[in-house]
1. Within the set of pairs 6 or more residues apart or between chains, which connect a residue that is free of Cβ contacts under 8 Å to residues at least 24 places away in the same chain inside segment 37-52 to a residue that is surrounded by 10 or more Cβ atoms within 10 Å (Cβ to Cβ) and part of a helix (DSSP H, G or I) with Cβ atoms less than 6 Å apart?
2. Need pairs with beta-carbon distance below 7 Å; first residue without any contact (Cβ under 8 Å) to a residue 60 or more places away in the chain and farther than 18 Å from residue 38 by Cβ and within segment 94-116, second β-branched (Val, Ile, Thr) and part of a helix (DSSP H, G or I); sequence gap 6+ or separate chains.
3. Just wondering, is there one or more residues in segment 53-61 that are free of Cβ contacts under 8 Å to residues at least 60 places away in the same chain, within 18 Å of residue 82 (Cβ to Cβ) and exposed (fewer than 11 other Cβ atoms within 10 Å of the Cβ)?
4. Filter segment 75-104 down to the residues that are assigned to a loop (DSSP other than H, G, I, E, B) and not polar (S, T, N, Q), then identify the one that is surrounded by the most Cβ atoms within 10 Å (Cβ to Cβ).
5. In segment 62-74, how many residues are surrounded by 13 or more Cβ atoms within 10 Å (Cβ to Cβ) and without any contact (Cβ under 8 Å) to a residue 60 or more places away in the chain?
6. How many of the residues in segment 108-126 are at negative phi and surrounded by 12 or more Cβ atoms within 10 Å (Cβ to Cβ)?
Amino acid sequence: MTALSQNVAVLAVSMFVLGLAVVMFNINSTAIRCTATPKALTQSFEFVFLAACIIPIPLGVMATTWALSGGYLLWLYMATAVIVLLLSGVIYFHQQIKQVYRLTADKLPNFYQRQYPRLYLGMDTAQP
């Protein structure tokens, strides 16, 4: 393990592949999320989602600083990879997520409003 942790090329390629997988998933899920969210709420929903993504950045900086100063960078990368793999499994086996991903383009708009009507009480469901 120590030899791998000292090899910058292995770490760089590993992080590149992990990042590429996350980006590929996010492009698709963002398009689905924006289309399935009612138009009246898309901007607010995206703001909340962006905030939820940005807020943990300081924790990542602290974890990376700790890992670099203590020589635990490989362990941090491995833990990150395991978390991403576990979350991928959750996404793969989650029935409601699978249902959204299988929708055709004509059934996707406002899907969340139809799927969870109690969350959108008082909103016009006829919005395109």
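1. Cβ pairs passing all conditions: 42/34.
2. Pairs found: 97/91.
3. Step one: of segment 53-61, the residues free of Cβ contacts under 8 Å to residues at least 60 places away in the same chain are 53-61.
Narrowing further to those that are within 18 Å of residue 82 (Cβ to Cβ): 56, 59-60.
Still in the running and exposed (fewer than 11 other Cβ atoms within 10 Å of the Cβ): 56, 59.
Scanning segment 53-61 turns up at least one residue that is free of Cβ contacts under 8 Å to residues at least 60 places away in the same chain, within 18 Å of residue 82 (Cβ to Cβ) and exposed (fewer than 11 other Cβ atoms within 10 Å of the Cβ).
4. Keep residues of segment 75-104 that are assigned to a loop (DSSP other than H, G, I, E, B), which gives 94, 102-104.
Pick out the ones that are also not polar (S, T, N, Q) and you get 94, 102-103.
Numbers: 94: 12, 102: 8, 103: 14.
Among those residues, the one meeting the criterion is 103.
5. Start the filter on segment 62-74 by keeping residues that are surrounded by 13 or more Cβ atoms within 10 Å (Cβ to Cβ), which leaves 63-64, 67, 72-74.
With without any contact (Cβ under 8 Å) to a residue 60 or more places away in the chain added as a condition, the list becomes 63-64, 67, 72.
Number of matching residues: 4.
6. Residues of segment 108-126 that are at negative phi, as a first pass: 108-109, 111-121, 123-126.
Checking the rest, the ones that are also surrounded by 12 or more Cβ atoms within 10 Å (Cβ to Cβ) come to 108-109, 111-115, 120, 123.
Result for segment 108-126: 9.
Read-outs throughout are calculated quantities, based only on the coordinates presented, and are distinct from any laboratory measurement. This is a predicted model, so every value here is computed, not measured. All Cβ positions, even for glycine, are placed from backbone atoms using ideal geometry, and neighbour counts span all protein chains on display.
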